[in-house]
Amino acid sequence: MTDISNPGTIVHHQDFPTTRIRPRPVDVWLPEGYGAASADRYPVIYMHDGQFLFDRDPSPYAGTDWLWDVDKTMTRLIREGEIGPAIVVAVWMNDEKKVSRRAEYMPQKILTDEVRRWLISEQPDSRGEEFTSDNYLKFLVEELKPFIDETYRTRPGREDTYVIGSSMGGLISAYAIAEYPDVFAGGACMSSGWNAAKGAFLEWLDAHWPGAGSHRVYFDQGTETLDSNNGPYQLKMDELMRNKGYREGEDWITRRFEGADHTPRAWRERLHIPLKFLLARPA
């Protein structure tokens, strides 16, 4: 088994400044070998729910089973030659006591009056909620990405920029690809909550998803707990991909994991699959 001690370096930016959304921590993971003596430049993966990604301080979840261990998985895959090295930018979720995760990650352009009524009927605490997902994406694209590209040795082009998230983080990842197809080459949407608002986001994506030819996208679902509700909706997304010209196994993958639930542990166990799909070294 590959030794994954000392799995890269994390630079913690506390209360990253922004005019778009509430400031929050941002962690930047730099792979082994990144340093002043190297002139290498790296692809960048932007990931949501950053407080769950690394088993290190200052994450409040350090030492628990609610971590993705992204640094360990990345390091193992790089050392085994499965992927090329990349930088991971982990954007923490805002303090949910002030702004809910739903408000930041629910795709804002689907929020018709009908969808808002449905949300309130299913989730009464959403009444009067200000949804900010459009500004969250503007933060990523207009504020955070320029800083990352100026501060770290990145490959800033679209072909080397990806986005990954799970659950509602999967929704905002798909929203990012649809809204900014010239910024993101693709990404991974794991256990995506397609059933939110009775699948209204899928209807919106049908008119806004980029055509095949310049993106790579990975989807997956488990079968237990919250994942048990999303299977039929994932099938609809798969059909959308085919209609847009994507070729399964080449520029798009959907995987189903029997018995897998809707937890960071489940996503941690299969994170290597989308990473290899997105970052595989050329044959």
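The values are calculated or read from the model by the stated rules, or taken from the named source; none is laboratory data. None of these values were measured; they are calculated from a predicted model. Because the Cβ atoms are built from the backbone with ideal geometry, glycine has one as well, and the counts that use them run over all protein chains shown.
Return the residue satisfying two criteria in turn: it lies in segment 206-223 and is of a type in the set (Gly, Ala, Ser) and not in a strand (DSSP E or B), and of such residues it is surrounded by the fewest Cβ atoms within 10 Å (Cβ to Cβ).
Among them, the one singled out is Ala207.
Does any residue in segment 189-209 that is free of Cβ contacts under 8 Å to residues at least 60 places away in the same chain come within less than 6 Å, Cβ to Cβ, of a residue that is of a type in the set (Ser, Thr, Tyr) and not in a helix (DSSP H, G or I) six or more places away or on a different chain, and which pairs are these?
The qualifying pairs are Gly193/Ser167.
Can we say Tyr233 is under 26 Å from Trp92 (Cα atoms) and either at pLDDT 95 or above or more than 17 Å from the chain's Cα centre (by Cα) (or both)?
No.
Here is a list: Val163, Val115. Which entry is touching a residue at least 24 places away in the same chain (Cβ under 8 Å) and either buried (at least 24 other Cβ atoms within 10 Å of the Cβ) or under 26 Å from Pro85 (Cβ atoms) (or both)?
That would be Val163, the only listed residue that is touching a residue at least 24 places away in the same chain (Cβ under 8 Å) and either buried (at least 24 other Cβ atoms within 10 Å of the Cβ) or under 26 Å from Pro85 (Cβ atoms) (or both).
Take Leu235 and tell me if it is under 22 Å from Leu77 (Cβ atoms), assigned to a helix (DSSP H, G or I) and aliphatic (A, V, I, L, M).
No: the conditions fail for Leu235.
Among the residues of segment 246-262, are any buried (at least 19 other Cβ atoms within 10 Å of the Cβ), part of a helix (DSSP H, G or I) and either in contact with a strand residue (DSSP E or B) (Cβ under 7 Å, 6 or more places away or on another chain) or modelled with pLDDT under 95 (or both)?
no
Taking the condition modelled with pLDDT of 95 or more and over 23 Å from Gly84 (Cβ atoms), does Asn135 pass?
yes
For segment 41-54, what are the residues that are surrounded by fewer than 20 Cβ atoms within 10 Å (Cβ to Cβ) and assigned to a loop (DSSP other than H, G, I, E, B)?
Arg41
Report, by residue number, each residue of segment 84-110 that is part of a strand (DSSP E or B) and surrounded by fewer than 22 Cβ atoms within 10 Å (Cβ to Cβ).
Of everything in segment 84-110, nothing turns out to be part of a strand (DSSP E or B) and surrounded by fewer than 22 Cβ atoms within 10 Å (Cβ to Cβ).
Only residues that are part of a helix (DSSP H, G or I) and out of contact with any Pro (no Cβ under 9 Å at 6 or more places or on another chain): list them for segment 151-174, please.
Thr151, Met168, Gly169, Gly170, Ser173
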